[in-house]
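Read the structure below first, then the notes.
The values are calculated or read from the model by the stated rules, or taken from the named source; none is laboratory data. As the structure is a computational prediction, the values presented were derived from the model and not from experiment. Note that we place each Cβ from the backbone using ideal geometry, even for glycine, and neighbour counts take in every protein chain shown. The protein model used for the area step is the full one, side chains on, heavy atoms only, and it has no ligands, DNA or RNA in it. Shrake-Rupley method; radii C 1.70, N 1.55, O 1.52, S 1.80 Å.
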Amino acid sequence: MSADGFNQGPPPGARADWTIDQGWAGYSDAEHQVWMTLYERQTRLLPDRACDQFLQGLEALDLHRSGIPDFERINVELLRLTGWSVVAVPGLVPDEVFFDHLANRRFPAGQFIRKPEELDYLQEPDIFHDVFGHVPMLTDPVFADYMQAYGRGGLRALQRGQLANLARLYWYTVEFGLLQTPQGARIYGAGIVSSWAESIFALDDPSPNRLGFDLERVMRTPYRIDDFQQVYFVIPSLQDLLDATLQDFAAIYERLERSGDIPIAAILPTDLVLTRGTQAYAAKRAAQ
Ligand code: PHE
Ligand code: FE
């Protein structure tokens, strides 16, 4: 995602749009090894968990086992499939810069990789989260359009001062979204597919609520950045998600200014309840 504030310029060495060279030749063997460890762990886990669009994207881009992918190589196929490309950035970028890249079908990805001693804990998204997590879905034409539309919508929300509500939509779809399929719920969110523990928790644990996706409801629901989610929203299809966001959000933003937030673990009478979570995990963590 993106960092707060948008008045500061790019750091030294970065271009005006905050991009840098990936510097692929500069990765060490140890860094490639971290990618391979994470890649193998996730690809063993994700069949029957991640949605077909993700698994097919992973395959199509050949985000291979032999190390950190070279953006120049994966961009050839990504551009051919959906007109998207991946650009390297030094870390989190200002909201405006982030949205402008998305609106132009460029996905800003961190260039660095986590340390071997912090395989599961990350403060800032690294190249594994950004590329393994996000980029496979960008090979799907419908999701590709959704991400571009989100970038345009982000620039508008920024001008209106209503980014907090829109950010929740990103969180509960792009990062932590689930997709209904005839075989059951499947993962498409990058925050889940790039995490070993949450790939299990999101689908199997009895603790979190799993609710049918409702645009305005999602935009009223706060989220946690420090732990597993307490609620996941399940979309009927990627096309349904795109369709729901085609409308002008102006009327929604006006209503959101008056309607309050919904407590994170609440279930409303109007919710489509797929799992009524026990919230046992969240309760246990709160008591620690
Ligand atoms: N339709 C939204 C708007 O009018 C833009 C948007 C599209 C936002 C897709 C999010 C996702 O602001
Ligand atoms: Fe992300």
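Within region 202-239, how many residues turn out to be surrounded by fewer than 14 Cβ atoms within 10 Å (Cβ to Cβ), among the acidic types (Asp, Glu) and touching a residue at least 40 places away in the same chain (Cβ under 8 Å)?
The qualifying residues number 1.
So which residues in region 140-152 are part of a helix (DSSP H, G or I) and more than 20 Å from Glu72 (Cβ to Cβ), if there are any at all?
If the condition is that a residue be part of a helix (DSSP H, G or I) and more than 20 Å from Glu72 (Cβ to Cβ), then Pro141, Val142, Phe143, Asp145, Tyr146, Met147, Gln148, Ala149, Tyr150, Gly151, Arg152 are the ones that fit.
May I ask you to say which residue of Pro269, Pro222 is more than 17 Å from Phe176 (Cβ to Cβ) and part of a loop (DSSP other than H, G, I, E, B)?
Pro269
Quickly run through region 24-47 and pick out the residues that are part of a loop (DSSP other than H, G, I, E, B) and open to solvent by less than 40 Å² (accessible area, probe 1.4 Å).
Listed by number, the residues that qualify are Tyr27, Leu46.
Starting from region 38-60, keep only residues that are under 20 Å from Gln183 (Cα atoms), then list their pairs with residues that are outside any helix (DSSP H, G or I) and at pLDDT 95 or above whose Cβ atoms are within a distance under 6 Å, requiring at least 6 positions of separation or different chains.
Note: pairs meeting the criteria are Arg49/Ile187; Ala50/Ile187; Cys51/Leu179; Cys51/Arg186; Cys51/Tyr188; Gln53/Asp140; Phe54/Tyr188.
Would you mind finding the one in Thr275, Thr270 that is more than 16 Å from ligand 2 (Cβ to nearest atom), open to solvent by 90 Å² or more (accessible area, probe 1.4 Å), within 25 Å of Ser207 (Cβ to Cβ) and among the β-branched types (Val, Ile, Thr)?
When all the criteria are applied, what remains is Thr270.
So which residues in region 158-182 are part of a helix (DSSP H, G or I) and either touching a Lys or Arg at 6+ places or on another chain (Cβ under 8 Å) or away from ligand 2 (no atom under 14 Å from the Cβ) (or both), if there are any at all? Write out each step before concluding.
Taking region 158-182 and keeping what is part of a helix (DSSP H, G or I), we get 158-160, 163-175.
Residues satisfying the conditions are Leu158, Gln159, Arg160, Leu163, Ala164, Asn165, Leu166, Arg168.
Quick check on this structure: which one of Ile192, Ile187 is within 14 Å of ligand 2 (Cβ to nearest atom) and without any contact (Cβ under 8 Å) to a residue 60 or more places away in the chain? Spell out how you get there, then give the answer.
On the way: Ile187 fails: without any contact (Cβ under 8 Å) to a residue 60 or more places away in the chain.
Being within 14 Å of ligand 2 (Cβ to nearest atom) and without any contact (Cβ under 8 Å) to a residue 60 or more places away in the chain holds for just one of Ile192, Ile187, which is Ile192.
Counting only residues that are in contact (Cβ under 8 Å) with a residue 24 or more places away in the chain and open to solvent by 20 Å² or more (accessible area, probe 1.4 Å), which one in region 163-175 is nearest to the chain's Cα centre (by Cα)?
So, considering only residues that are in contact (Cβ under 8 Å) with a residue 24 or more places away in the chain and open to solvent by 20 Å² or more (accessible area, probe 1.4 Å), the one nearest to the chain's Cα centre (by Cα) is Trp171.
Yes or no, residue by residue, for (1) part of a loop (DSSP other than H, G, I, E, B); (2) free of Cβ contacts under 8 Å to residues at least 60 places away in the same chain; (3) open to solvent by less than 50 Å² (accessible area, probe 1.4 Å); (4) more than 20 Å from Ile225 (Cβ to Cβ):
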site: Val76; (1), (2), (3), (4): no, yes, no, yes
site: Phe107; (1), (2), (3), (4): no, yes, yes, yes
site: Gly133; (1), (2), (3), (4): no, no, yes, no
site: Leu138; (1), (2), (3), (4): no, no, yes, yes
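Filter region 149-162 down to the residues that are under 18 Å from the mean Cα position of the chain (by Cα), open to solvent by less than 30 Å² (accessible area, probe 1.4 Å) and either more than 22 Å from Val131 (Cβ to Cβ) or without any contact (Cβ under 8 Å) to a residue 60 or more places away in the chain (or both) and list them by number.
Within region 149-162, Gly151, Gly153, Gly154 meet the criteria.
May I ask you to say which residue of Leu155, Leu241, Leu211, Leu203 is part of a helix (DSSP H, G or I), under 14 Å from Leu274 (Cβ atoms) and more than 16 Å from ligand 2 (Cβ to nearest atom)?
On inspection, the qualifying residue turns out to be Leu203.
Restricting to region 83-105, name every residue that is surrounded by fewer than 19 Cβ atoms within 10 Å (Cβ to Cβ), more than 11 Å from ligand 2 (Cβ to nearest atom) and of a type outside the set (Lys, Arg).
Initially, region 83-105 is screened for residues surrounded by fewer than 19 Cβ atoms within 10 Å (Cβ to Cβ), giving 83, 90-92, 96, 103-105.
Imposing the further condition that a residue be more than 11 Å from ligand 2 (Cβ to nearest atom) reduces the set to 83, 90-91, 96, 103-105.
Correct list: Gly83, Pro90, Gly91, Glu96, Ala103, Asn104.
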